[in-house]
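Worksheet: the structure to be examined is printed underneath.
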Amino acid sequence: MALYLITGIGGFIGSSLARELLQRGEQVRGVDNFSTGRRENLAPILGQIDFREADILDFDAMKSACAGADYVLHQAAIPSVPKSVLDPIGSNRANIDGTVNVLVAARDAKVKRVVFAASSSAYGDTPTLPKHESMNPDPISPYAVAKLASERYMISFYRCYGLETVSLRYFNIFGPRQDPSSPYSGVLAKFITQMLSGKQPTMFGDGEQSRDFTYIDNAVEANLLACKAPAAQAAGKVFNVATGRRVTLNETFKLLQGLTSYSGMANYGEERGGDIKHSLADISLAEKHLGYKPKVDFEDGLKRTVDWYRTSRS
Ligand code: UD1
């Protein structure tokens, strides 16, 4: 049994990781300041985890959280492109300074490995598809810059201090418990909850933008594999976590019409600032070095997610 520290454990991805680790009989400790995470995500598992309400900017709290941990899954962030465009200083603090705090605390506590929630946004709007880790990053939004800077810190801590770190570039993770309620929420959480309650969703632009939408179980699996892969294959490295297939918002909307019984049309609005048009991952590096294979495809993930929102709202 190992002890895993999850930063951002109240979030959609953090709380999903905690559930899976508990299922596997592992020990879980978590921190969250609930700036974007939610108490409801933790309520059912609170008795089974060592939870500390703390900000990753609080170095002493990170020091004590890392003490005795085997692995750190660093998920805490302000995870939004548009929010970072409005507030680059806040994004920088949480997404870069917070990461450095976690890294120093993890290094001093001699944890075995830190796995970081990096982002596909690091690639920017480069026309080449699919995106491969060997491509030059070209981040557009402050959020993307911050995620890329943190990735470089991960690599730096491996090179300078020998702390084993792995960065996972998430491609649009979706699934149960993703918060649909903020204007910055992920598009699928928004569209599904809007359509289930008969509200018209709005596409920003023509709806022809595409994403490699990745169901949460695939991201959870990638994190657990990243903890255990041999250091020679994983430490100090960056991997795409995705499915290797992209769908447009228009196609997604049609699938959701079938799954939610929403019979109206979509609304089309202005394109969103800092947005990128197409996103698709090459996942061969994670397949080769981590043994990663997407377990749940887009359609199945979409169905599971719609079912979850339908039952959790009733
Ligand atoms: C980006 C990053 C992703 C990161 C996420 C954090 C890329 C490719 N991905 O996702 O790695 O984890 O930010 O927030 O950069 N949209 C609508 N209507 C809505 C909401 C969104 O049309 O009501 C559109 C957006 O304009 C965008 C697409 O849906 O084109 C996806 O948006 P969103 O879910 O916010 O994620 P990304 O910005 O792609």
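Before moving on, here are some points about what is shown:
Residues checked against (1) in a helix (DSSP H, G or I); (2) modelled with pLDDT of 95 or more; (3) open to solvent by less than 70 Å² (accessible area, probe 1.4 Å):
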{"position": "LEU42", "(1), (2), (3)": "yes, yes, yes"}
{"position": "GLY47", "(1), (2), (3)": "yes, yes, no"}
{"position": "LEU73", "(1), (2), (3)": "no, yes, yes"}
{"position": "ALA77", "(1), (2), (3)": "no, yes, yes"}
{"position": "SER91", "(1), (2), (3)": "yes, yes, yes"}
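- Filter result for ASP97 (open to solvent by 10 Å² or more (accessible area, probe 1.4 Å) and closer than 13 Å to MET154 by Cα): yes
- Failed criterion for ILE13 (all others in (1) open to solvent by 20 Å² or more (accessible area, probe 1.4 Å); (2) within 19 Å of TYR170 (Cβ to Cβ); (3) more than 15 Å from the chain's Cα centre (by Cα) hold): (3)
- Annotation note: Cβ proximity below 9 Å between a residue of region 169-186 that is at positive phi and a residue that is near the ligand (Cβ under 7 Å from one of its atoms) and assigned to a loop (DSSP other than H, G, I, E, B) (sequence gap 6+ or interchain) occurs for ASN172/GLY186; ASN172/SER279.
- When residues of region 139-153 are limited to those that are surrounded by fewer than 20 Cβ atoms within 10 Å (Cβ to Cβ) and either free of Cβ contacts under 8 Å to residues at least 40 places away in the same chain or assigned to a loop (DSSP other than H, G, I, E, B) (or both), the one farthest from the ligand (Cβ to nearest atom): ARG152
- Among the residues making up region 119-138, those that are of a type in the set (S, T, N, Q) and either assigned to a loop (DSSP other than H, G, I, E, B) or more than 13 Å from the ligand (Cβ to nearest atom) (or both) are THR126, THR128, SER134, ASN136.
- When the residues of region 107-126 are filtered to those that are of a type in the set (A, V, I, L, M, F, W, C) and touching a residue at least 60 places away in the same chain (Cβ under 8 Å), the one that is farthest from ALA281 (Cα to Cα) is VAL111.
- The set of residues from region 155-164 being open to solvent by less than 40 Å² (accessible area, probe 1.4 Å) and in contact with a helix residue (DSSP H, G or I) (Cβ under 7 Å, 6 or more places away or on another chain) comprises PHE157, LEU163.
- Residues within region 16-29 that are within 16 Å of the chain's Cα centre (by Cα) and within 22 Å of THR99 (Cβ to Cβ), tallied: 3
- Looking only at residues of region 51-65 that are touching a Lys or Arg at 6+ places or on another chain (Cβ under 7 Å) and open to solvent by less than 60 Å² (accessible area, probe 1.4 Å), we find that the one that is nearest to ALA18 (Cα to Cα) is ALA65.
- Qualifying residue in region 275-296 (condition: closer than 16 Å to PRO176 by Cβ, in a helix (DSSP H, G or I), open to solvent by 20 Å² or more (accessible area, probe 1.4 Å) and modelled with pLDDT of 95 or more): no
- Check on TYR268, within 12 Å of the ligand (Cβ to nearest atom) and open to solvent by 10 Å² or more (accessible area, probe 1.4 Å): yes
The values are calculated or read from the model by the stated rules, or taken from the named source; none is laboratory data. Computed from a predicted structure; not experimentally measured. Cβ: placed from backbone, ideal geometry, glycine included. Neighbour counts: every protein chain shown. These accessible areas exclude ligands, DNA and RNA; they are computed on the full protein's heavy atoms, side chains included. Shrake-Rupley method; radii C 1.70, N 1.55, O 1.52, S 1.80 Å.
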